[in-house]
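The next block holds one structure in the form of structure tokens; read it before the comments.
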Amino acid sequence: MSLSHKISALLEMIKFKLTIFAMPFAFTGMFLAAHGIPKLRILLWVVLAMVGARTSAMGFNRIVDWKFDKQNPRTVNRAIPAGEVKMWEAWALVILSGVLFFFACYSLNSLTLLLSPFALFLTLFYSLTKRFTAFCHVVLGVALAIAPFGGWVAVTGSLVNFPWILSLGVLFWVAGFDTIYACLDTEFDKNAGLNSLPSKIGGQNAFRLAGVFHIVAFICFTLTGVKMGLHFVYYIGIAVTAVALLYQHMIVKPEDLSRIHASFFQMNGLISVTLFFATWIALILK
């Protein structure tokens with residue numbers, strides 16, 4: 001296998017492109033803390049920290065789930081079960097990415113470094129939760145909710161005045177879309193003894209609960225603007241978010257998951273990017 005093919009396989013294994021879900025919220029936390037654009041040094045270290053943490057977590061996920069991936073028709077072609085990435089290569093990626101994450105946190109400030117083991121542990125721990133709880137989607141939400149929190153601490157070196165309701169919004173937003181996405185594996189999870197909300201309460205009820213999660217997320221995102229005293233333009237971003245959340249529930253149904261990738265990738269990428277730019281513009285106008 002050529003080097004370019006190997007790199008491509010590794011990037012596909014960790015779904016590098018999905019960094020777009022969490023990265024904009026880390027930027028949102030940074031920009032809110034700095035009341036605008038943070039120092040370039042901080043911005044670059046946060047980007048490296050986010051890439052390191054997510055790469056390590058996704059690599060670990062693929063390692064611990066490879067036996068399930070090999071049995072699941074939807075995931076059998078993933079890099080490890082398909083033999084494109086060896087187990088030692090995956091472990092090397094996890095370890096090196098973890099080192100990058102810790103070094104980036106060290107380069108920011110002492111509080112970021114102090115909190116870094118907890119943050120990385122949580123992102124790794126999520127991969128094990130389907131073995132014992134159907135609320136694994138909520139755990140994933142908690143892991144990604146660290147993104148704006150981390151961005152804030154990277155700038156201020158403090159927890160003072162952090163808008164916790166923003167992280168709460170991220171938590172429920174992630175829990176909602178991951179619950180919907182888990183419907184793809186409902187039957188497999190049941191047969192394999194894995195836990196998820198769709199496999200435990202059924203597709204219809206899981207979709208209803210995901211809707212509740214998204215309503216709570218929308219309220220939290222709205223209240224973030226109120227708490228931070230953001231300019232009215234922020235609420236244009238909130239309106240776009242509402243449409244994107246609603247659209248997800250309109251185009252995907254428990255009995256028809258054919259358009260779930262449009263829901264999962266396009267709409268959720270749109271939400272995270274829109275809220276970041278709405279925040280940035282609101283801070284400029286304020």
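Every number in this text was worked out from the coordinates using simple rules, so none of it is lab data. Note that this is a predicted model, so its numbers are computed, not measured. Backbone-built Cβ (ideal geometry, glycine too); neighbour counts: all protein chains shown.
Check region 110-122 and report whether any residue there is surrounded by fewer than 23 Cβ atoms within 10 Å (Cβ to Cβ), over 18 Å from the mean Cα position of the chain (by Cα), polar (S, T, N, Q) and not in a helix (DSSP H, G or I).
No: zero hits.
Applying the selection to region 135-170, what residues are out of contact with any Pro (no Cβ under 8 Å at 6 or more places or on another chain) and among the β-branched types (Val, Ile, Thr)?
VAL138, VAL139, VAL142, ILE146, VAL153, THR156, VAL160, ILE165
Residues VAL243, VAL226, VAL252, VAL273: which one is free of Cβ contacts under 8 Å to residues at least 40 places away in the same chain and either within 22 Å of GLY141 (Cα to Cα) or buried (at least 18 other Cβ atoms within 10 Å of the Cβ) (or both)?
VAL243
Tell me which of these ASN161 doesn't satisfy, since it passes every other one: (1) without any contact (Cβ under 8 Å) to a residue 12 or more places away in the chain; (2) over 27 Å from GLY225 (Cα atoms).
Checking ASN161 against (1) without any contact (Cβ under 8 Å) to a residue 12 or more places away in the chain; (2) over 27 Å from GLY225 (Cα atoms), the one that fails is (2).
Hey, CYS105 hits all of (1) farther than 18 Å from ASP65 by Cβ; (2) of a type outside the set (D, E, K, R); (3) in contact with a Phe, Trp or Tyr (Cβ under 6 Å, 6 or more places away or on another chain) but one; which does it fall short on?
Failed condition: (3).
I'm trying to understand the selection: among the residues of region 126-144, which are more than 15 Å from ASN61 (Cα to Cα) and aromatic (Phe, Trp, Tyr)?
Answer for region 126-144, where residues must be more than 15 Å from ASN61 (Cα to Cα) and aromatic (Phe, Trp, Tyr): PHE132, PHE135.
Identify the residue in region 177-192 that is touching a residue at least 60 places away in the same chain (Cβ under 8 Å) and not hydroxyl-bearing (Ser, Thr, Tyr) and, among all such residues, is nearest to PHE213 (Cα to Cα).
PHE177
Would you check if there is a residue in region 74-81 being surrounded by fewer than 17 Cβ atoms within 10 Å (Cβ to Cβ) and either in contact (Cβ under 8 Å) with a residue 12 or more places away in the chain or under 24 Å from TRP173 (Cα atoms) (or both)?
Scanning region 74-81, I find at least one residue that is surrounded by fewer than 17 Cβ atoms within 10 Å (Cβ to Cβ) and either in contact (Cβ under 8 Å) with a residue 12 or more places away in the chain or under 24 Å from TRP173 (Cα atoms) (or both), so the answer is yes.
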